[in-house]
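FYI, it's all coordinate maths here, none of it is from the lab. Nothing here was measured: the structure is a model prediction, and the numbers come from that model. Every residue, glycine as well, gets a Cβ built from its backbone with ideal geometry; the counts of neighbours run over all protein chains shown.
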Amino acid sequence: MVREVSESCVDSLLTEMVACYCNRFYANKPELAARRIEAIGYQVGHQLSERYTMERPRFTDHLEAIKFICKDFWSELFKKQIDNLKTNHRGTFVLQDNKFRWLARMSIDPSTDNVSPLEDITSPTAESKAAQAMSMHLYFPCGIIRGALSNLGIPCAVSADISNLPACSFVVRIKA
Amino acid sequence: MISFFLFPDLESLEDLISILIMATTACFIIVSRNDIPIYEAEVGVAAKREDAAQLHQFILHAALDIVQDLAWTTSAMYLKSVDRFNELVVSVYVTAGHTRLMLLHDSRNDDGIKSFFQEVHELYIKTLLNPLYLPGSRITSSHFDTKVRALARKYL
């Protein structure tokens, strides 16, 4: 019997974490909020990679570790594997998930209640606010990936890119 | 024969019956737990006048007091025919979080109304799962609006 956590509870917890750091703790400091959320993800990734590698031999090179993240690690976290993995063979990997689970319920639909009445609904401000709020949610999975790889001996920097919802690309740059 | 005389373009009696059935008046609103309306839609075919819409709003909001008392006397989510105004009837669906789905109608389709409420409740839950949506704020999603109106045409 495997212990499981309700997915809706995890989703609500993530939503509330991002809302707390962005709207309460660091309401006027988005960079600090982002760094804090990423640090939480780093800790989570660090612990999860230790747990998910319990019954497997150690990795001999970077590509094996990256493949582990794409297959087993991603399956444990998001119930599916990474859809596409690219590399330039010089320390940069791009992990493409065509339907990222934590973005599947995102909807950028500018609400009149969230914008002041003087602003147009389709103004660039409303769009950029929604995009920024969504990017805040991605610092957590970036931290998870960085924490997991750091625990496996690969210091790196991870960034996320959303071209079209709910697809998401994670760019992993390994530090020499 | 009177019907064919009044509507000479109709090809059969079924057309007349379908028009009469489709002419139901319906106004649907969702009220949050803090008594703030977060969604409003006139989902009827006949009611297009502005004064009719305002009257519907008054009737639905007046029924909130009755719902407030009635919700604590039963564990059922669907409260049918809690209030009436002339030939218009108010039916309500109260969620566990005390969000109220209220429908003003003159049809007598209890099963359809209940199914409509249950499916809109599912749509509302999906809206709540959006991390960018503030619970209790207005639902301005065009997808939500389109689906609610489609459910209204299907069930009401």
* Asked: Can you give the FRET efficiency for B:Asn86 and B:Glu122, using 1/(1 + (r/R0)^6), R0 = 30 Å, r = Cβ-Cβ distance, to the nearest 0.05?
  -> 0.40
* To do: With a point put 7 Å past each Cα toward its Cβ, work out how far A:Gln81 is from B:Gln54 in nm, to one decimal.
  => 6.4 nm
* Taking GluC sites (Glu not before Pro) that fall in a DSSP loop and have at most 16 other Cβ atoms within 10 Å as cut points, what is the longest piece of chain A between them? -> A:56-118
* Asked: Which value in nm describes the separation of the simple spin-label points at B:Asn34 and B:His98, placed 7 Å from the Cα toward the beta carbon?
  -> 1.3 nm
* Segment A:Ala157-A:Phe59, length gained on full extension (0.36 nm per residue, minus Cα span) -> 33.3 nm
* **Angle in degrees between helix A:30-52 and the longest Cα principal axis of chain A, rounded to the nearest 10** => 30 degrees
* To do: Give B:Lys80/B:Lys154; A:Lys29/A:Lys67; A:Lys71/A:Lys175 a once-over and call out the pairs whose C-alpha atoms are over 25 Å from each other.
  => A:Lys29/A:Lys67
* To do: Mind pulling the angle between the C-alpha long axis of helix A:7-20 and the longest principal axis of chain A? Nearest 10 degrees, somewhere in 0 to 90.
  => 60 degrees
* With labels modelled as points extended 7 Å from the Cα through the Cβ direction, what inter-label distance (nm, one decimal) is found for B:Thr73 paired with A:Ala167? -> 5.7 nm
* May I have the extent of the alpha carbons of chain A along their three principal axes, as whole Å values ordered from largest to smallest? => 60, 41, 27
* To do: Return P(r) of region B:52-147 (all Cα-Cα pairs; 10 Å bins starting at 0; whole %; ordered from short to long distances).
  => 14, 44, 36, 6, 0
* Please give the residues of region A:132-176, grouped as numeric ranges, whose backbone N is less than 17 Å from a label point set 7 Å along the Cα-to-Cβ vector of A:Lys99. => A:164-169
* GluC sites (Glu not before Pro) within region B:57-156: DSSP coil, no more than 12 neighbouring Cβ in 10 Å -> B:Glu87
* Provide, as a two-decimal number, the C-alpha radius of gyration of region A:30-114 over 2.2 N^0.38 Å, N being how many residues it has. => 1.35
* Structure fact -> Taking r as the C-beta separation of B:Ser107 and A:Leu32 and R0 as 51 Å, the FRET efficiency to the nearest 0.05 is 0.35
* Structure fact -> So, relative contact order of chain A in percent, Cα under 8 Å, 6 or more apart, is 30 percent
